[in-house]
DNA sequence: CAATAGATCATCT
DNA sequence: GATGATCTATTGC
């Protein structure tokens, strides 16, 4: 995939703004790329659902660092989730990538997701997309403005309608409208 | 189609 | 020792 990574300033604003702005952009990892169609914002110290809410620990260290870094963690003992750190150093807002529309490298994705039949099931969930894209905890802390894991503008920034809803799978602050998605897109999670 | 169980482990109490 | 920003397979209607 040949495109320029979004600059650090793109991520240097409130997590909610970054979550909205990432919709429709392209996530690239090596030769594999996909369109971001669903995101969630996590606000940090004011957000009981955020990992950073409990303060700085070895795990949340990356969240408290500078923006435009990947935060990858293990959930439920078997799946990994990809976030991108937003805001400024010391302000641990981040954006969870929840669903992707595969663009290039479909064969590689299917290889990493044996048993999946339909394209829309390859990356339509936070745990699925890390498998499909080959993203693991080894990518935790990586700078998303350099290297082979990054986000860039879509080839043609197709217009779309943005939907808003409550976040998925959390207990605290379960009714905060911080989930954003491309309305009508087949690759959005259930 | 909806509901539920089971897998499985790093992190925090 | 409990819990979770999940997924898949299976069961039941």
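Just a few scattered comments:
- Full extension of the chain between residue A:121 and residue A:136 yields a length gain of 3.5 nm, computed as 0.36 nm times the residue separation minus the alpha carbon distance.
- Working from label points 7 Å from Cα in the Cα-to-Cβ sense, the residue A:110 to residue A:76 distance is 2.6 nm.
- If you plug the beta carbon distance of residue A:170 and residue A:9 into 1/(1 + (r/R0)^6) with R0 = 22 Å, you get a FRET efficiency near 0.15.
- Per-peptide packing, taken as the mean over residues of other Cβ atoms within 10 Å, places A:97-105, A:64-72, A:52-60, A:176-184 in the sequence A:97-105, A:64-72, A:176-184, A:52-60 from highest down.
- Label-point gap, in nm, between residue A:190 and residue A:2 - each point 7 angstrom along Cα→Cβ: 4.1 nm
- Sorted by Cβ density within 10 Å, fewest first, the residues A:172, A:51: A:172, A:51
- With a Förster radius of 30 Å applied to the C-beta separation of residue A:154 and residue A:46, the computed FRET efficiency comes to 0.45.
- Here the peptides A:10-17, A:31-38 are ranked by packing, the mean other Cβ count within 10 Å, and the order with the highest first is A:31-38, A:10-17.
Where a number appears in this text, it was derived from the coordinates with a stated rule and is not lab data. Keep in mind that what you see is a predicted model, and the values were worked out from it rather than measured. A quick note on method: Cβ atoms are made from the backbone with ideal geometry, for glycine too, and the neighbour counts reach across all protein chains shown.
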